[in-house]
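A quick write-up on the structure given underneath.
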Amino acid sequence: MSRVPPVIASRAGVMRACVALAAGLACIWTQAADAQETSALRGSLLSEAATQRAEPLNRPAPAEPLQPLKPPSLAARGLSATQSPAAAAPLLAEDVDEQLAEQAGEPDPVTAAAERARANRQLLLQSRADDFDADQTEKAADKKSAARRGTDPKADTELTTGTVRVKSIDAADLERNTAVRPVSERAPPVEIATRSTDETPYEPTGIRLGTFALRPALEQGIEWTSNATNTAGGSADFVSETTLRLDAASDWARHSASLNAYGTYRTSVTGSGYSEFRGAADAAVDFELGNAFRLGATAGYERAPEDASSPVDIVGAVNRPLRQALKGSLGLEKTLGKLQFSATGKVNRDTYGEAVLAGGGTLSQVDRNQTLYSLALRGGYEISPALAPFLEAEYGRRIYDNTVDSAGFQRSATRYGLRAGLSLDTGEKLKGEVAVGWISEKPDDAALGPVSGLSAEANLDWSPVRGTIVSLTGSTEVEGSTTPGESGSILYSTALSVSRELRANLTGTATLGVDWRNYAGTGNHDFTWKAETSLTWWLNRWLGLKGRARHENTTSTISGRSSQATSVYLGVSLRR
């Protein structure tokens, strides 16, 4: 073995020292560049460079400056995120040492240090890219989840391609960033409460009694009439008229009940001796039984002197006899789809008091007392909720208290009726029914002929505009007679009334009525027409002024029955 000369050995040592010094400077430069990326890696690189100090004998050659580090592009980041763990694994320092050892045997210390620094830098950059991709993946998953929950309406349209700047806290404060708009409306004083508008300021409030609302009313006035008794020989008079009314209605949820009653007392103010009292009461109840069944019942009572237009004339009487009427009905209704069926039974009883004769004494009217029993069967079909035609058949029996009257006639009779009609119901606009048919009553006595004729019934309420009600009523009534040889008569009555709310506290009503009476088997008839108009001015809910004007005219083919009367009334009305 040859020995190396000392000079050559010293030169080789100097060269190795220079190479080591250059490697140290490169490590220091690299550490300065890596210090801009992370503080955690700076400590590890400095500690490793400190262990490889160059000898201070010879100055090392200047190293090439390192290029500044740049983050990888988005495409490279995406590619690195999609690579498999085996393909994306970074090159570690130990792996570099093994590769150098395999290629050139024993590696150079300076070269190995530089390779380890570069490998560590690549490892740092790859770690940051993986963290960025993981953060973007998590944000995308959060946006999809929010879009499914409906909390992020812009999740389908927004695409984040970089760092999104966070808005300031003040930007989310709507009140802070909204300008106050000027308002010209003047605020009311605090001490004045807001008043609600009353749509019916003049309607009575009524009196609560259990489940019923009572509305009493009292009218007092003076009437001038040209014919106080409404007869052919009547005279003019001033009459005081007092009327007391009581209306009651239930507020039940399913069923209903009502009561209407009045009493009127009329007496002469001038002292002519004229006075009379009239009163009536009607009650009605309706029950919903279920299974499309409905039960209705009515009851009524009326007490008044017989009208001067009655077909029975009492010769020599100075007054009209007192007439009392009792009536009641019970009906059951059933609905089967569009078919409607009903059965109604009625009872009407009329009794008459004694008539006072001009020459003294009284005349009994017991021969006129009678009771009418009737049963009506109806079947209808509902074409629409507003229209329902029907057919009705009636059978009845009129029974007099005296089987044979004082003239020897059996006046009890059998009643038959058949009608076709139409029921209307369009809510508040039009409601009611009309019917036309034939009616007949045949007395038991063969000497008396039947009382037959056209039957017409009507009860309609029409409201063409709000505050206006047009009412049409019509009826057909078979009247008995006590005149020997006469069976009776048929009375047709109709009335057309218009009521208008002129103002909230002013109501006007106009009525036109017509009566036609046909005497069976005689050819005689009576015709009566009457017109009335009235105004009521309410000062408040409880006090009002009422004025009325009325005219009635009767013409008859029978001597002594024609008459006419005109009256004017002014009074005060109190109600609760």
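The values are calculated or read from the model by the stated rules, or taken from the named source; none is laboratory data. Predicted model only: the values in this text are computed from it and were never measured. Methodologically, a virtual Cβ is constructed for each residue, glycine included, from the backbone with ideal geometry; neighbour enumeration extends over all protein chains shown.
Going by what's in this entry, would Thr566 be described as under 22 Å from Thr205 (Cβ atoms) and assigned to a strand (DSSP E or B)?
Judged against the criteria, Thr566 is not a match.
Only one of these is assigned to a strand (DSSP E or B) and buried (at least 16 other Cβ atoms within 10 Å of the Cβ): Thr351, Thr335. Name it.
Of the residues listed, the single one that is assigned to a strand (DSSP E or B) and buried (at least 16 other Cβ atoms within 10 Å of the Cβ) is Thr351.
Anything in region 375-421 that is touching a Pro at 6+ places or on another chain (Cβ under 8 Å) and within 18 Å of Thr344 (Cβ to Cβ)? List them, or say none.
Within region 375-421, Gly380, Ala420, Gly421 meet the criteria.
Any chance you could count how many residues in region 457-471 are outside any strand (DSSP E or B) and on the phi < 0 side of the Ramachandran plot?
Result for region 457-471: 4.
Considering each residue of region 306-324, count those that are part of a strand (DSSP E or B) and over 15 Å from Phe277 (Cβ atoms), and give that number.
The number of residues fulfilling the criteria is 1.
Check Gly396, Gly417, Gly408 and return the single one that is at pLDDT below 95 and either more than 33 Å from the chain's Cα centre (by Cα) or of a type in the set (D, E, K, R) (or both).
That would be Gly408, the only listed residue that is at pLDDT below 95 and either more than 33 Å from the chain's Cα centre (by Cα) or of a type in the set (D, E, K, R) (or both).
Taking Arg245 as the residue in question, decide whether it is at pLDDT below 95 and under 37 Å from the mean Cα position of the chain (by Cα).
no
Being assigned to a loop (DSSP other than H, G, I, E, B), surrounded by fewer than 16 Cβ atoms within 10 Å (Cβ to Cβ) and touching a strand residue (DSSP E or B) at 6+ places or on another chain (Cβ under 7 Å) is the filter here, so list the residues in region 196-226 that pass it.
Within region 196-226, Thr211, Ser226 meet the criteria.
Considering each residue of region 480-506, count those that are out of contact with any Gly (no Cβ under 6 Å at 6 or more places or on another chain) and on the phi > 0 side of the Ramachandran plot, and give that number.
Here the count works out to 1.
Could you tell me whether region 226-233 includes any residue that is β-branched (Val, Ile, Thr) and in contact (Cβ under 8 Å) with a residue 60 or more places away in the chain?
Yes: region 226-233 contains one or more residues that are β-branched (Val, Ile, Thr) and in contact (Cβ under 8 Å) with a residue 60 or more places away in the chain.
In the set Glu428, Glu486, which member is assigned to a loop (DSSP other than H, G, I, E, B), within 53 Å of the chain's Cα centre (by Cα) and at pLDDT below 95?
The match here is Glu428.
Listed here are the residues, each with its yes/no results for (1) over 19 Å from Asp461 (Cα atoms); (2) basic (Lys, Arg); (3) in a strand (DSSP E or B).
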residue	(1), (2), (3)
Arg500	no, yes, yes
Ala510	no, no, yes
Val514	no, no, yes
Arg517	yes, yes, yes
Gly523	yes, no, no
Asp526	yes, no, yes
Lys530	yes, yes, yes
Leu535	yes, no, yes
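For residues in region 431-456 being free of Cβ contacts under 8 Å to residues at least 40 places away in the same chain and part of a loop (DSSP other than H, G, I, E, B), which is surrounded by the fewest Cβ atoms within 10 Å (Cβ to Cβ)?
Ala446
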